[in-house]
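J.: Quick one: the structure is below, and I'll ask about it shortly.
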Amino acid sequence: MHEGHEQMFRRRFFVSTILSIPVLLYSETLQEWLGFSVPTFPGSEWIAPVFSVVVFAYGGIPFLQMAVPELKDRAPGMMTLISMGITVAFVYSLASVVFPTESAFFWELVTLIDIMLLGHWIEMRSVRRASSAVDELARLMPDTAERITDDGNTEDVPVDELSEGDLVLVRPGASVPADGVVEKGDSDVEESMITGESKPVSKEPGDEVIGGTINGDGSLRVRVGATGEETTLAGIMRLVEEAQQSKSKTQVLADRAAGWLFYVALGTAVVTALAWTVAVSFDATVIERVVTVLVIACPHALGLAIPLVVAINTSLAARNGMLVRDRIAMEDARNLDAIIFDKTGTLTEGEHGVVDMATGDGVDEDDALALAAAVESDSEHMIARAIREAADERGLSASDASDFEAIKGKGVRASVGGNEVYVGGPNLLTQLDSEIPDNFQQFADEAGEDAQTVVYLIRDGELIAAFAMADVIREESFRVVDALKDLGIEVAMLTGDSQDVAEAVADELGIDTVFAEVLPEDKDKKVQELQDQGKLVGMVGDGVNDAPALTRADIGIAIGSGTDVAVQSADVILVQNNPMDVVRLVKLSKASYRKMQENIVWAAGYNVFALPLAAGILAPVGILLSPAVGALLMSLSTVIVAINAQLLRRVDLSIPDLSGVSSSDIAQAAD
């Protein structure tokens, strides 16, 4: 809807502006003010009236149409006020062609329409928000599936033809086509986009799998348990749609001001008519006074007061790594009471790293890490990548490895420098019948308390090193939590990970409110819980499983590197993947709202000053606002509002260093 309105206002603005040029050139008032003249010819006196009629019919009619719902709801607003001003100016100006008066309002009429079209074009462009979150969710599901027939062969069938009880083959790297239970095979399945679990989940016969998740290196045979609308992914899609529909409409400040101004203008016009009729009897002077009041009341400046700030706000936010997709959300960010952060990929890097290590007697840490990196050189597992990255960070060179072998679910083996070397978890030690020395057992126990994963390095049957792996906390996450607390905003964390993992991260960051082991539908409910307490809630996330919560929240904030559906479900997108931008968002919201208030004061102040003068309150002392001077004041108020909006560009969005917040480059870890 907003995209259609945007194109409509844009098209009508350009056409109306071009058609307004002849009206301005042949305006006697402007010629007198600016000291220029244009050639006249027989019929040139009709240029202003004819072109004004065309501009009114083409550019003004949309405002009249949009004023109808306001009048039906008995809630006059900006559209009603604009419609009143342009209609009065149009009728009076046409009448002045037949019944000569002191002046007509043709140039005021067309410029008013042009400015209002420009303001609403800017507004619609800012408001426009794509609504393709559900489409992005649907793309997770494959189009076809390999169904296993009774004779053991496979056949490609559309996913929507699958039925409960069908047996399907899920090859390595393929998407699971439907919810079901593994009947045969072992593999690790990437579920982060659905459950939020930061590590691939091992699946074996009897385990449930979710449609839309990604299979790992193994092959699975899955018995379909739910299809279509019954799948977990379909449930998430319904939640997104419901949350979108539950969003309430917020009336913008300018529209409320326009509603008040509508009644003030009508009241002033009535009083003006009565007072002048009593004073000089009813004649053309009374009509001119009333028309002047009603035209001056039309909000040139008020129509641009908010759209200009919004446009600058959106541009400024983009330059600082924030894409604003919902104007109301940006305005409301200043009032946030609580912000919920998803853990994985938001407060943490979403990738495992080596955060600690222990070595046996006489074994150098660098040598152990280089040896492990050599063994893992041919593996694409995330633990292998973490070990190689840790070795690269230390500038270590890995030796050549040969005879590489992946031991399913346990680890890897390779020959390095004539030694048989293994890298793997506790299951690998069990297979090799290796005992864990006390120092390594203590290291493993401490890592377990911090919810860290431990992998071991075995050389020629001897355990020589152990590595603690964790999902690394972003360095900036420490500062963002303290900064938000300093702003008086409650910080909470939401994750599908275990309670131990969640509490380890929360303790490191100083977050008091933790929601752990939360399913997608429960994430949505947790946001609702805080909202039910009367709090304005923001949600920061990056995964599909965050989409319902992002949409349900009063302000949904997506990490830009997250999945497309999370981005489409959010009101604000952090392009630079930096949670500190949440703090900048709040600061920009506060600064923008102040500018909006100042512009409303400037715009309304013009009317407060001009309306009494137009009504003739100072006529007894010889001061009477003419239509021409009123139009000049109208233009000046628009210029002031535009300049004031530009001052928003000076807002300081830098985040000062906070006492007690570490600025160390050492990566903090949890998980």
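J.: Restricting to region 337-362, name every residue that is modelled with pLDDT under 90, of a type in the set (A, V, I, L, M, F, W, C) and under 22 Å from Ser397 (Cβ atoms).
T.: Val354
J.: Right, next: Go through region 266-283 and count every residue that is among the hydrophobic types (A, V, I, L, M, F, W, C) and either within 18 Å of Ala89 (Cα to Cα) or not in a helix (DSSP H, G or I) (or both). Don't jump to the end; show me each part of the working.
T.: From region 266-283, those among the hydrophobic types (A, V, I, L, M, F, W, C) are 266, 269-271, 273-276, 278-280, 282; that's our starting set.
Now narrow it down to the ones that are either within 18 Å of Ala89 (Cα to Cα) or not in a helix (DSSP H, G or I) (or both): 266, 269-270, 273, 282.
Within region 266-283, residues that are among the hydrophobic types (A, V, I, L, M, F, W, C) and either within 18 Å of Ala89 (Cα to Cα) or not in a helix (DSSP H, G or I) (or both) number 5.
J.: Tally time: how many residues in region 416-467 are among the polar types (S, T, N, Q) and more than 30 Å from Asp507 (Cα to Cα)?
T.: Residues that pass the stated criteria total 4.
J.: Of the residues Arg413, Arg388, Arg459, Arg394, which single one is in contact with a helix residue (DSSP H, G or I) (Cβ under 9 Å, 6 or more places away or on another chain), basic (Lys, Arg) and within 25 Å of Gly185 (Cα to Cα)?
T.: The conditions single out Arg413.
J.: Against the condition more than 30 Å from Ala311 (Cα to Cα), at pLDDT below 90, open to solvent by 50 Å² or more (accessible area, probe 1.4 Å) and part of a loop (DSSP other than H, G, I, E, B), how does Asp217 come out, does it pass?
T.: The answer is yes for Asp217.
J.: Being open to solvent by 70 Å² or more (accessible area, probe 1.4 Å), over 26 Å from Gly119 (Cα atoms) and either assigned to a loop (DSSP other than H, G, I, E, B) or in contact with a His (Cβ under 8 Å, 6 or more places away or on another chain) (or both) is the filter here, so list the residues in region 1-47 that pass it.
T.: Hits for region 1-47 are Ser37, Pro39, Thr40, Phe41, Pro42.
J.: Test Ala57 against the criterion of being within 30 Å of Gly259 (Cβ to Cβ), out of contact with any Leu (no Cβ under 6 Å at 6 or more places or on another chain) and either part of a loop (DSSP other than H, G, I, E, B) or open to solvent by 100 Å² or more (accessible area, probe 1.4 Å) (or both), and give yes or no.
T.: Against the criterion (within 30 Å of Gly259 (Cβ to Cβ), out of contact with any Leu (no Cβ under 6 Å at 6 or more places or on another chain) and either part of a loop (DSSP other than H, G, I, E, B) or open to solvent by 100 Å² or more (accessible area, probe 1.4 Å) (or both)), Ala57 does not qualify.
J.: I would also like to ask the following. Identify all residues within region 466-494 that are under 29 Å from Phe440 (Cβ atoms) and either out of contact with any Lys or Arg (no Cβ under 9 Å at 6 or more places or on another chain) or β-branched (Val, Ile, Thr) (or both); write none if there are none.
T.: Within region 466-494, Ala466, Phe467, Ala468, Met469, Ala470, Val472, Ile473 qualify.
J.: Filter region 124-152 down to residues that are in a loop (DSSP other than H, G, I, E, B) and at pLDDT 90 or above, then give me how many there are.
T.: The total comes to 1.
J.: While we're on this one: Can you find even one residue in region 179-194 that is open to solvent by less than 30 Å² (accessible area, probe 1.4 Å), among the hydroxyl-bearing types (Ser, Thr, Tyr) and either modelled with pLDDT under 90 or in a helix (DSSP H, G or I) (or both)?
T.: No, region 179-194 contains no residue that is open to solvent by less than 30 Å² (accessible area, probe 1.4 Å), among the hydroxyl-bearing types (Ser, Thr, Tyr) and either modelled with pLDDT under 90 or in a helix (DSSP H, G or I) (or both).
J.: Conditions first: (1) at pLDDT 85 or above; (2) out of contact with any strand residue (DSSP E or B) (no Cβ under 8 Å at 6 or more places or on another chain); (3) crowded, with 21+ Cβ neighbours inside 10 Å. Glu376 passes all but one, so which condition is the exception?
T.: (2)
J.: Are any residues in region 315-336 under 20 Å from Leu550 (Cα atoms), at pLDDT 75 or above and open to solvent by 30 Å² or more (accessible area, probe 1.4 Å), and if so, which ones?
T.: Ile328, Asp332, Arg334, Asn335
J.: Another one. For the condition at pLDDT 90 or above and in contact with an Asp or Glu (Cβ under 7 Å, 6 or more places away or on another chain), what is the one hit in Val514, Val501?
T.: Among Val514, Val501, only Val514 is at pLDDT 90 or above and in contact with an Asp or Glu (Cβ under 7 Å, 6 or more places away or on another chain).
J.: Glu349 is checked against (1) assigned to a helix (DSSP H, G or I); (2) under 30 Å from Glu529 (Cα atoms); (3) touching a strand residue (DSSP E or B) at 6+ places or on another chain (Cβ under 8 Å); (4) open to solvent by 30 Å² or more (accessible area, probe 1.4 Å) and fails just one. What number does that condition carry?
T.: (1)
J.: Filter the strands (runs of 3 or more DSSP E) completely within region 471-546 down to those with at least 1 residues that are farther than 24 Å from Ile573 by Cβ and open to solvent by 10 Å² or more (accessible area, probe 1.4 Å). Spell out the reasoning first.
T.: Working: elements: 490-494, 513-515, 537-541.
Per the criteria, 513-515.
The values are calculated or read from the model by the stated rules, or taken from the named source; none is laboratory data. Not measured: the values here are computed from a predicted model. All Cβ positions, even for glycine, are placed from backbone atoms using ideal geometry, and neighbour counts span all protein chains on display. Ligands, DNA and RNA are stripped out before the accessible areas are found, and what is left, the full protein with its side chains, is counted by its heavy atoms. Shrake-Rupley method; radii C 1.70, N 1.55, O 1.52, S 1.80 Å.
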